[in-house]
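Below: one structure, written as structure tokens.
The values are calculated or read from the model by the stated rules, or taken from the named source; none is laboratory data. Remember, it's a predicted structure, so these values are computed and weren't measured experimentally. Counting neighbours? That spans all protein chains shown, and the Cβs are built from the backbone with ideal geometry, glycine included. With ligands, DNA and RNA removed, areas are computed over all heavy atoms of the protein, side chains included. Shrake-Rupley method; radii C 1.70, N 1.55, O 1.52, S 1.80 Å.
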Amino acid sequence: MAPDAEPGETSTVHTVRAGTKKIRACLRLVRGSLDRIAFDKANTLFRDSAKSLRAYRDNEVISEVLAYLNETGATEFDAGEMDGLREILAASPLPTGCDDALATVRNNIQARRTALHLDSLKIKKSDLTKAMRRTYRRNRNAFANVVRDPSGINLHEWRKQIKVLEYQLHDLNTIWPKPMDGTEDDARHLAQILGHIQDISILRKRLKQVRPVPEGSPADRLLTAARRQRRKLRNDAIRLGHALYARSADDFATDVNRHWKAWRQTPPEQPLIQAGRGRTCKAPAPHLH
């Protein structure tokens, strides 16, 4: 499996890492219905799988964030300057063994994928509500820490929490008639902004490893532009955060409960009936008087 991807494509490394995070978010959503030991083992497996691929993903981010900064107008480098920057930023030794790392992740997950018996899992409304309340509360706390101190560590923690919220809302919207899709869209937009901030942080860290950085050089101008764009994105994220976290965790859980009840009370879809010569169609809905 080749880890590299053409511009605009999603790499294997990125796909696998995103998948492990989505699974962890789903596990947290149903953890109240899982055996604690089984949950801990599965959570650790997928967490460590994502960590084992981090170095490979960071190298991909460098090229992506350069393109992002140029596309958004944050920087204005010509083709020669962009090529020079890529050469400088790729000067660090690239990690090797990506195919082996991906194969190890695949083998580890395949060896344990049946351990949870999720096909027979009985999910209680109280467990789901408790999980969503916990996720939303952690999000609000992470956001409060950023408002108090918008450090890189706090922004990174907030991004981790918002991704969990986004993925869990997506899971719920796949079984419900999309009652919370607006909240999911808000969480996804915020996660994208925080993702750009994290990518810029990786770029800045790599740039600071480059010595020397002459004043006025493309690398120096890139550092300045990265700081400016990060500050703008941070302000945008905080503004959106105030809107997303306007509710308390208890109020958010109440909304989850309300949607659960509405879903349970929705009449099942009308069965298919024969329409002749092997064709089928939905039975007409009864008239309400």
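General remarks:
Residues are listed down the side, and each one gets a yes or a no for (1) within 20 Å of T135 (Cα to Cα); (2) out of contact with any Pro (no Cβ under 9 Å at 6 or more places or on another chain):
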{"site": "V13", "(1), (2)": "no, no"}
{"site": "R31", "(1), (2)": "yes, yes"}
{"site": "S49", "(1), (2)": "no, yes"}
{"site": "L66", "(1), (2)": "no, yes"}
{"site": "G73", "(1), (2)": "no, yes"}
{"site": "F77", "(1), (2)": "no, no"}
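- Sole exception among (1) in contact (Cβ under 8 Å) with a residue 60 or more places away in the chain; (2) of a type in the set (S, T, Y); (3) open to solvent by 50 Å² or more (accessible area, probe 1.4 Å) for Y68, by number: (3)
- Residues that are within 20 Å of L128 (Cβ to Cβ) and at pLDDT below 90 number at least 1 in the following helices (runs of 4 or more DSSP H) confined to the stretch 149-268: 152-175, 181-208, 249-264.
- Residue that is farthest from A142 (Cα to Cα), among those in the stretch 175-207 that are free of Cβ contacts under 8 Å to residues at least 12 places away in the same chain and open to solvent by 70 Å² or more (accessible area, probe 1.4 Å): K178
- With respect to the conditions (1) under 18 Å from L223 (Cα atoms); (2) touching a residue at least 24 places away in the same chain (Cβ under 8 Å), T12 falls short on a single one, namely (1).
- Unmet criterion (only one of (1) open to solvent by 70 Å² or more (accessible area, probe 1.4 Å); (2) in contact with a helix residue (DSSP H, G or I) (Cβ under 9 Å, 6 or more places away or on another chain)) for D100: (2)
- Candidates R230, R258 - the one that is among the basic types (K, R) and crowded, with 16+ Cβ neighbours inside 10 Å: R230
- With a requirement of 1 or more residues that are β-branched (V, I, T) and modelled with pLDDT of 90 or more, the helices (runs of 4 or more DSSP H) lying completely within the stretch 39-114 that satisfy it span 54-71, 98-112.
- Of the residues making up the stretch 33-50, those that are open to solvent by 50 Å² or more (accessible area, probe 1.4 Å) and either more than 18 Å from A111 (Cβ to Cβ) or in contact with an Asp or Glu (Cβ under 7 Å, 6 or more places away or on another chain) (or both) number 2.
- Test: A142 is open to solvent by less than 60 Å² (accessible area, probe 1.4 Å), free of Cβ contacts under 8 Å to residues at least 40 places away in the same chain and more than 26 Å from A67 (Cβ to Cβ): yes
- Only residues that are closer than 18 Å to R86 by Cβ and among the polar types (S, T, N, Q) were counted in the stretch 212-228, giving 1.
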